[in-house]
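K.L.:
Take this structure, written in structure tokens, and hold onto it; I'll ask about it next.
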Amino acid sequence: MAILNILEFPDPQLRKTANSVKTVDSDIQLLVKNMLETMYDAEGIGLAATQVNIHKRIIVIDISENCDEPLVFINPKIEVIDHTLHEHQEGCLSVPGYYEEVERPSSVKVVALNEQGKPFELITEDLLSVCIQHEVDHLNGKLFVDYISVLKRNRIKQKLQKERRQD
């Protein structure tokens, strides 16, 4: 397994729309393992393939306390169950060190394939619902900073670019 490079905002590759996975084969399964290893190494709770510059509709999530309950969603489709918006503080491995309040629907149903290519569906709420919506946004070229003001987004962008120049 390998640790993959996580793209950082404002990298234009983060704005690409991911393509559907046609077949869940050994290459996809290896990618899933590498994405999980990368997410755990970065101490994140979710990662989309887009964030590692692979434009396939794959997300991995683990919100468990002991980081031992990984969830894999291939070709996820979400449907809002409860349209009531709730505000949650979100961060992102592609926007390191920044957290902002984002409003999202409180409950969604997700239909996807697992890492063996078997279809499943799950009704989610709270943190898992937020995480799934956040990661599916990545597959559609959207970042959590798109939900905040242009002024705040530009400030974050400038600070991240300055940090990279100093490194």
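The values are calculated or read from the model by the stated rules, or taken from the named source; none is laboratory data. Because the structure is predicted, anything quoted here is derived from the model rather than measured. When we count neighbours, we look across all protein chains shown, and the Cβ atoms used for this are built from the backbone with ideal geometry, even at glycine. The protein model used for the area step is the full one, side chains on, heavy atoms only, and it has no ligands, DNA or RNA in it. Shrake-Rupley method; radii C 1.70, N 1.55, O 1.52, S 1.80 Å.
K.L.:
Need one word for region 19-89: rounded, prolate or oblate. Basis is the Cα gyration tensor (sqrt eigenvalues a ≥ b ≥ c); a/c below 1.5 gives rounded, then a/b vs b/c decides. Write out the running numbers ahead of the final one.
P.N.:
Working: a/c = 2.02, a/b = 1.24, b/c = 1.63.
Since a/c reaches 1.5 but b/c is at least a/b, the shape of region 19-89 is classed as oblate.
K.L.:
Relative contact order for the chain: what is it in percent, counting Cα pairs under 8 Å that are at least 6 residues apart?
P.N.:
Numbers: 306 pairs, mean separation 39.7, N = 167.
Taking the mean separation of contacting Cα pairs over the length of the chain, I get 24 percent.
K.L.:
Carbon and sulfur: what percent of region 1-87's accessible surface (1.4 Å probe)?
P.N.:
Numbers: 2280 of 4830 Å².
Its accessible area is 47 percent carbon and sulfur atoms.
K.L.:
Further, regarding this structure: For each pair in Lys142/Lys162; Lys22/Lys157; Lys22/Lys152; Lys118/Lys157; Lys77/Lys159; Lys22/Lys162, compute the distance between the two Cα atoms and list the pairs where it is over 30 Å.
P.N.:
Distance filter (> 30 Å) returns Lys22/Lys157; Lys22/Lys152; Lys118/Lys157; Lys77/Lys159; Lys22/Lys162.
K.L.:
So what is the relative contact order for region 1-99, in percent, with contacts set as C-alpha pairs under 8 Å and at least six apart? Walk me through the numbers before you get to the answer.
P.N.:
Numbers: 132 pairs, mean separation 28.6, N = 99.
It comes to 29 percent, rounded to a whole number.
K.L.:
Considering only the other residues whose Cβ falls under 11 Å of the Cβ of Pro70, what net charge follows from Lys and Arg at +1 and Asp and Glu at -1? Write out the running numbers ahead of the final one.
P.N.:
Details: positive: Lys33; negative: Glu37, Asp62, Asp68, Glu69, Glu115.
Cβ neighbours under 11 Å give a net charge of -4.
K.L.:
Please name whichever of Phe144, Ile81, Gln161 sits farthest to the positive end of the charge dipole of region 68-161, dipole taken about the Cα centre and charges placed at Cβ: Lys and Arg +1, Asp and Glu -1.
P.N.:
Gln161
K.L.:
Using the Cα centre as the reference, give the magnitude of the dipole from point charges on the C-beta atoms of the chain (Lys, Arg: +1; Asp, Glu: -1; all else neutral), rounded to the nearest 20 debye. Write down the numbers at each step before the final one.
P.N.:
Values: 19 positive and 27 negative charges, 205 e Å.
That gives the chain a dipole magnitude of about 980 debye.
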